[in-house]
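The values are calculated or read from the model by the stated rules, or taken from the named source; none is laboratory data. All values derive from a computational prediction rather than experimental measurement. Here the Cβ positions follow ideal geometry from the backbone for every residue, glycine too, while neighbour counts run over all protein chains shown. The accessibility values were calculated without ligands, DNA or RNA, using every heavy atom of the protein model including side chains. Shrake-Rupley method; radii C 1.70, N 1.55, O 1.52, S 1.80 Å.
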Amino acid sequence: KFDAAIEQLQASHKTSSNWSQADETLQLLAETFQRKKDPAAAKSTLEDLLKKYPNTRLKPQVEYRLGQIAASSGQYDEALARYRTIVSDEAAKGFHGFAQYGIAWSLMQQEKYAEARKELEPLLADGRTDSISQEALLAEGVCLRKTGKAKEAIEVLDKFLLGKPTGAALGNALYESGMCFVELKQPEQAQTALAGPCDRFNSMTIGSHQ
């Protein structure tokens with residue numbers, strides 16, 4: 001399935017590398033390699049895209065994707081460089097939030113939680129209500145716990161939980177909250193937090209743990 005798509009896209013680009021959608025063809029080819037779980041080929045294709053078409057309008061997307069590939073491969077220095085390039089480029093404004101979160105995430109993966117928290121600040125500005133700001137709120141709670149600030153972490157996690165997250169985000173938040181209570185030697189609250197979302201939501205009040 002993927003091999004056929006890859007062959008077709010490669011043939012399409014080879015036919016004419018100067019047509020208006022040639023850069024999009026390479027982007028689709030890179031995405032296909034990623035779906036095939038071949039990040040090395042995806043990375044090579046995206047780098048080729050930037051080399052052949054340095055002025056492509058797809059540059060912010062390509063840089064961001066390269067940052068993701070680097071981060072998922074544990075190449076955090078490269079990921080950070082890619083993400084910072086995006087954040088410093090005014091033309092890539094639509095990707096600033098994603099890249100900023102990528103910077104924080106890459107630092108967290110290296111257990112540089114204090115640095116990561118600082119990088120989250122632009123995403124936690126008043127008035128932001130997008131999905132990235134919510135993810136940043138959860139990440140801030142993690143960073144606070146990891147830097148020994150369990151009480152502050154609980155307040156942040158409570159605020160995150162008020163948004164009624166679901167799935168993995170909910171599970172992660174409840175786990176982090178529970179671990180905060182463990183560190184504060186409050187076993188009953190820890191048990192409630194780790195038991196599941198229902199009891200947690202019923203008893204939750206921001207600031208009640210201060």
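List the aspartates and glutamates whose Cα sits under 19 Å from the Cα of residue 51, skipping any in the same chain fewer than 8 residues away. Cα-Cα hits under 19 Å: 23, 24, 31, 63, 78, 89. Among the protein heavy atoms, those of residue 32 account for about 20 Å² of accessible surface (1.4 Å probe, every chain in place). Taking the protein heavy atoms of the stretch 111-197 in the context of the full set of protein chains, the accessible area attributed to carbon and sulfur is 50 percent at 1.4 Å.
Cross-link partners for residue 52 among the lysines, with Cα-Cα distance under 27 Å and sequence neighbours closer than 8 places in the same chain left out: 14, 36, 37, 43, 93. The magnitude of the dipole of the stretch 107-194, with charges of +1 and -1 set on the Cβ of Lys/Arg and Asp/Glu and taken from the Cα centre, is near 140 debye. Among 57, 117, the sequence by solvent-accessible area, most first, with a 1.4 Å probe is 57, 117. For residue 156, the solvent-accessible surface computed with a 1.4 Å probe is close to 20 Å², ligands and nucleic acids excluded.
Per residue, what accessible area does the stretch 23-180 have, given a 1.4 Å probe and all protein chains present, in Å²?
50
Across every pair of non-identical alpha carbons in the stretch 61-104, the mean reciprocal distance, once inverted, gives a Kirkwood radius of 9.8 Å.
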